[in-house]
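Below is one structure, written out as structure tokens; the observations come after it.
The values are calculated or read from the model by the stated rules, or taken from the named source; none is laboratory data. Quantities reported herein were computed from a predicted structural model and do not represent experimental measurements. Neighbour counts are summed over all protein chains in view; Cβ atoms, including those assigned to glycine, are modelled from backbone coordinates with ideal geometry. Only protein heavy atoms, including side chains, enter the accessible area calculation; ligands, DNA and RNA are left aside. Shrake-Rupley method; radii C 1.70, N 1.55, O 1.52, S 1.80 Å.
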Amino acid sequence: MSNKSKELVQKENAVQAIIVVDTFDDEFLPLSNDIPHALLPLVNKPIIDYTLEFLSLGGIEETFLFCCTHIDAIKQHINKCVENAEEWTQTMKVNVVVSESCRSFGDCLRDLDAKGYLRGDFVLVEPGTISNINLLPLLEKHNKITKIDKGAAMTLIFQESGLGHISRCPKEEVLMATNSSGRVLFHKKLGTTRERKIEFPLEIFLENSTVSLRHNLKDTHISICSPAVLPLFSDNFDFQTRDDFVRGLLMNEEILGMTVYSNVLKGGQFGGAVTNWRTYQTLSHELKNNYVYPVQPSQKHNSFLKNDVIAGQNATISKSAKLNNVIMGDNVKIGENVDISNSFIFSNTKVEDNVTISLSIVGPNCLVKEKSKILAGTVLGKGVQIEKECFVEDALVQSTRPDELDSRDVLGKHAFRLVLDDNEPEDVVDLALARKLSRLHIDQNLGEESEDDGFSESEDERSSYTHSPAPDDTKLFFTEVIDSLTRGFEDKLQCDNLILEINSSRYAYNVTVKEVNFFVIKAILIMSLRQPMGPQYFSQLQRLLQYFVPILKNYLRNESAMLDCLQAVEDVATSNENLTEKWVMFVLQYFYDKDHVTEDAILKWYSTLDKKSNFHAQVKPFTDWLQEAEEASSSEDE
Amino acid sequence: MTLQAEFQAVVLAAGRGSRMSEVTTGIPKCLLPIGPKPLVWYSLYKLQCAGFSDVIMIVLENEKSEIHSVLEKTNLDIKIDYVCVSEKDEDLGTAESLKLINDKLTSDVLVVSCDFVTDVDFKGVLDIFRMHNASVASLLVQPQPNEVFVVPGPKSKHKPERDLIGIDTQTNRLVFLASASDFETDFSLPTSLLKKHTHIKIYSNLIDSHVYVLKNWVVKYLKSEDSFTSIKGELLPHIIKKQLSKPPKPVNTNTSVINTGDNGDIFAFSKEDELDINIRNTSSYNDHTGDLKPTYHEDSIRCYAHIAPKENFGVRVNTLPSYWWINNKISEKWPQITGDRLEFVPVHPKADVKSNQVDNKCVIWEGAKLNEKTSFKNSIICSNTEVCSFSRVFNSIIMNNVTIKEKVAIENCIICDGATIEGGCQLKNCIVGSHHTVSEQSEHTNEVLTESDRLMEF
């Protein structure tokens, strides 16, 4: 090996690339505690293998692999590949560069700058990148640009991709303005912002006769860099990521005198990076379907079964198991009557009988015992053991006991729920949304945004143009609450879990406490209306309310919450014409009897009602009764 | 019974030319001489070439007879229906003029400004309108390479107005239109627009020709709304913005059927034919790719832009520099403009030319009298103008009924209607206002010479 490597290094102008393999974030917790991001199996092959294969196919001759954590594992892996004489080792030399002190992507590049390994233009690859792009023409193009524009520091590579395509990570949505020669004039990540307007500096339009505004792009996480890039990182200590770099260059264009260009690929050229579970999911899918040909998962190692199931070596699957769109590692054992869909099962994991797993990731060496359910975005870390009949939903689970632990988060001897502490309270909404966007792709309509009239806000409307009420956040919140409750009632889920679910959607949609109270009650009542209005109806309604008692208790804590609740009753009753006085009576009676609302609250609310309304008449008998009862009781006291 | 025409053409010729008042005081703007023809002739001729047999022309009342008599002599086949607007209506906007003739407009409308000289065929913009059953289609022209001309009059820095025009690259939808001067430092677009049209090109150098094709409902909508004064400034931006809105959903299907007609909402006007919608929904055609949205995003309001090819030119003669530019170029551009169907006749047969120093770039109108021993280069001499002996005129525009006495030297000047240049004058880079008399033996450079009280009016 050493002889060969010397030969390659001596080659004067070898085409060079840098891969930074650490992500410096917690997207893949708890799995990333045990497995470095680079060695995370993607269709049963470590991610780094795809990246290296792509680089060698793309024409790179020397690669610097920069790693800060799990150094030994990565070094060992690279050595093993060289021993096995993997294809890429034949044309490309890989140098593992180590620095344990780096805390960000920017630090890594500063470190590399100090080491001075790089000679000319090079390719910069962010962690987890998988692609089939031929890099040499792109390098050539960048070189041509630098001949015209001496300040050209970087060419960002994008892939054209329609809005809402699954391969676009909603967190990385980018809006870019370029001039006719591809120079980037404006670059903004739209991911977690909910701004209704985007502001552009006017001068970019006046200085360039045509400006392209593009929102149909997917970041490939590949960039072609001039030698100036590394010193620029060294000079600007606040550059932590590549996006910081781009932003910094655009902001200080006059000072730094540096420019950024873009290149948009079309057709069969594919690029993307595994940055979170959602992109993990889409890239698995795309690799499986050979979108990234010739880069592809190992054909020998995997068995391709029906219903989009892939299994590694020595997998044991019982005949009665129902599998759909599952990728399994080596030595996986699947028991009888197991139902797994849209999930990933890593190597050496055992799933016992009658287990349901859906939209989840089960890490290596796990044991999922009988009749458990693992649902909706759950991630099990290495060696987790899920006890019998356990229910886990949307949780990160690890096998070792964390330092600080709430008793609720203990799921078993080797299963502890991991709660990520978010220290930035003001960003809570953004963070919750960001989390949501980086989870597995669960709901097809998640990316759908309300299409409302962004112009009308500032425009002083000449006349009262009516617009359709756009599905706003509260409305989305409401439908989500209904969904949660319906599912909870049907599957007999614990109300505590439902409360958690409702609260998390509350943060995601930025809904006030009052609205939460209002919509939760409204949702329960609306659910009851799905039943036929027969004689059975009221017993059904009672059963429903009975089931949700913990939820009602949780939300109806004070008088203002009770008023919200009563308003919900009013809202439902007035918007459904076929609801009779009997219904109103029954609901109020029930809430009153079970102490969800107090007499004072009811009377206070009653006084706010419109006296002429039909609804007022419907409530009247009940309040009359209340007052009578009070008088009676007070007279009794005497 | 006659067949309903597909399009009706309207020429807006009631403008006063307030941006070039130095030369438009004594002459209707639309009759400014350009080469051998008055300005409005070029718009009318283009319409005639596009196949129009009739045109409605909006003119100022006091100018009508003059315009009529001038156009009579130009041998146009197109039938002109003059509609007068009273000169008392100060600065009647383009949208307001269109509103005046609302009753005459029964088809879709092609609106042309009288000051647009071009070699672009109107077919392009009409076709894109037809193709997408558009609400509005607009014709845009690419800018001409910059050339340096010395424009007569005081030296001033001319700053052209710039528009910001946003066009979807895939569909040619016109998604944004505003004047660059409306913004100070920042320019904002709604996020929803960027999500709907994911690849927009914003142009800041295109010339809006003020040629618009309007669906008939737009004219009807214009009538019902009082607030629009100009097409470019208000009506068009409004309709373009409305593309992003969705029509209000009928709250109750029983009542909405009756109410839609008269609630004044733009969507009540833009409503498409049920059959058209059905045909579109059943067809596999889609105007865009990249998302899974239906054809045209189900918009009933659709605005399009047609950008003329680079080799074509178009110029709006509404400023002195553009007027000067087109006069210098007209003989060169003539074959393109007329499509070689009309011969360029520089010297009218009824002109009285005794001079033997008239170069081939000169244009001499009917009734002009050029005496012996005069010299002309690259100039336009209009009707009934007399130039006496021993005078020379270089690179200049001499309008109608001008008298130029002996031993006068005129270079790079515009001499307006009825002016008199007395003997021995030397004028360079000057504008002489209408009916002004330049006194004997005077010398002027880079000046506007006019009776000051005449200019005061404007």
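Quick notes on this structure:
- Total accessible area lost when B and A pair, probe 1.4 Å, Å² to nearest 100: 3700 Å²
- Coupling constants for segment B:64-79 follow from the phi torsions by the Karplus curve (6.51 cos²θ - 1.76 cosθ + 1.60, θ = phi - 60°), and in residue order they are 4, 5, 5, 4, 4, 5, 5, 5, 3, 7, 8, 6, 7, 7, 5, 8 Hz; glycine and proline get x.
- Over chain A - Rg/Rh using Cα atoms and the Kirkwood inverse-distance radius: 1.05
- Per DSSP, loop trypsin sites (Lys or Arg not before Pro) in segment B:390-428 with at most 14 further Cβ within 10 Å: none
- Acute angle (nearest 10 degrees) that the helix B:320-338 long axis makes with the longest principal axis of chain B, alpha-carbon atoms: 80 degrees
- Note on segment B:352-456: with charges restricted to the Cβ of Lys and Arg (+1) and Asp and Glu (-1), its dipole about the Cα centre is near 340 debye.
- Cross-link check: pairs A:373/B:293; A:582/A:604; B:310/B:361; A:93/A:306; A:45/A:369 evaluated at a Cα-Cα cut-off of 31 Å; pairs beyond the cut-off: A:373/B:293; A:93/A:306.
- Amide hydrogen neighbours beyond the local backbone of residue A:317, cut-off 5 Å, H modeled: A:334
- Backbone geometry of segment A:617-622 corresponds, through the Karplus equation with coefficients 6.51, -1.76 and 1.60 at θ = phi - 60°, to 3J(HN,Hα) couplings of 5, 5, 7, 3, x, 5 Hz, x marking Gly and Pro.
- Annotation: the protein assembly as shown has a Kirkwood hydrodynamic radius of 35.5 angstrom, from the mean reciprocal C-alpha pair distance.
- Taking 17 Å as the straight-line reach from the Cα of residue A:553, the lysines in range (excluding those fewer than 8 positions away in the same chain) are A:514, A:522, A:594.
- Of the GluC sites (Glu not before Pro) in segment A:50-143, those whose Cβ has at most 13 other Cβ within 10 Å and which sit in DSSP loop: A:100
- For residue B:395, the residues whose modelled amide H falls within less than 5 Å of its own, excluding neighbours fewer than 5 places apart on the same chain, are B:377, B:378, B:379, B:412.
- Maximal additional length on extending the residue B:148-residue B:437 stretch stands at 101.0 nm, based on 0.36 nm per residue less the C-alpha distance.
- Reported to the nearest whole Å, the Cα centre-to-centre distance from segment A:41-72 to segment B:26-70 is 73.
- Relative contact order (%) - criterion: Cα under 8 Å, at least six apart; region: segment A:310-385: 22 percent
- Dividing the summed helix terms, -39500 (n - 2.57) for each DSSP H run of n ≥ 4, by the number of residues in the protein assembly as shown produces a 222 nm estimate of -9500 deg cm²/dmol to the nearest 500.
- The alpha-carbon of residue B:271 sits under 12 angstrom from the alpha-carbons of these aspartates and glutamates, leaving out residues fewer than 8 places away in its chain: B:298, B:299.
- Filtered chymotrypsin sites (Phe, Trp or Tyr not before Pro), segment B:94-179: DSSP coil and at most 16 other beta carbons within 10 Å: B:149
- Residues of segment B:272-303 whose accessible area (probe 1.4 Å, heavy atoms of protein chains only) drops by at least 10 Å² once all protein chains are present, relative to their chain alone: B:290, B:291, B:293.
- Degrees separating the helix A:537-547 axis from the principal Cα axis of chain A, which is the longest one: 60 degrees
- Alpha-carbon centroids, segment A:567-609 and segment A:74-135: separation in whole Å: 67 Å
- Bridging of residue A:150 to lysines at a Cα separation below 20 Å is possible for A:141, once same-chain residues fewer than 8 apart are set aside.
- Accessible surface of segment B:352-456, 1.4 Å probe, proportion on carbon and sulfur as whole %: 41 percent
- Each part gets one Cα centre, and for segment A:218-247 versus segment A:478-557 those centres are 49 Å apart.
- Each residue of segment A:229-240 was assigned a 3J(HN,Hα) from its phi angle through the Karplus expression (A = 6.51, B = -1.76, C = 1.60, θ = phi - 60°), giving 5, 4, x, 4, 4, 5, 6, 10, 5, 7, 6, 9 Hz with x at Gly and Pro.
- For segment A:470-637: accessible area per residue (Å², 1.4 Å): 51 Å²
- For chain A, the longest principal axis of the Cα atoms and the long axis of helix A:135-148 meet at an angle of about 80 degrees.
- Projected-area average for segment A:470-637 over all orientations - Cα convex hull basis, square nanometres: 10.8 nm²
- Scattering curve values for segment B:352-456, log₁₀ I(q)/I(0), Debye with Cα scatterers, q = 0.19, 0.20, 0.21, 0.22 Å⁻¹: -0.81, -0.91, -1.00, -1.11
- Contact order for chain A, expressed relative to its length and based on alpha carbon pairs under 8 Å spaced 6+ residues apart, stands at 9 percent.
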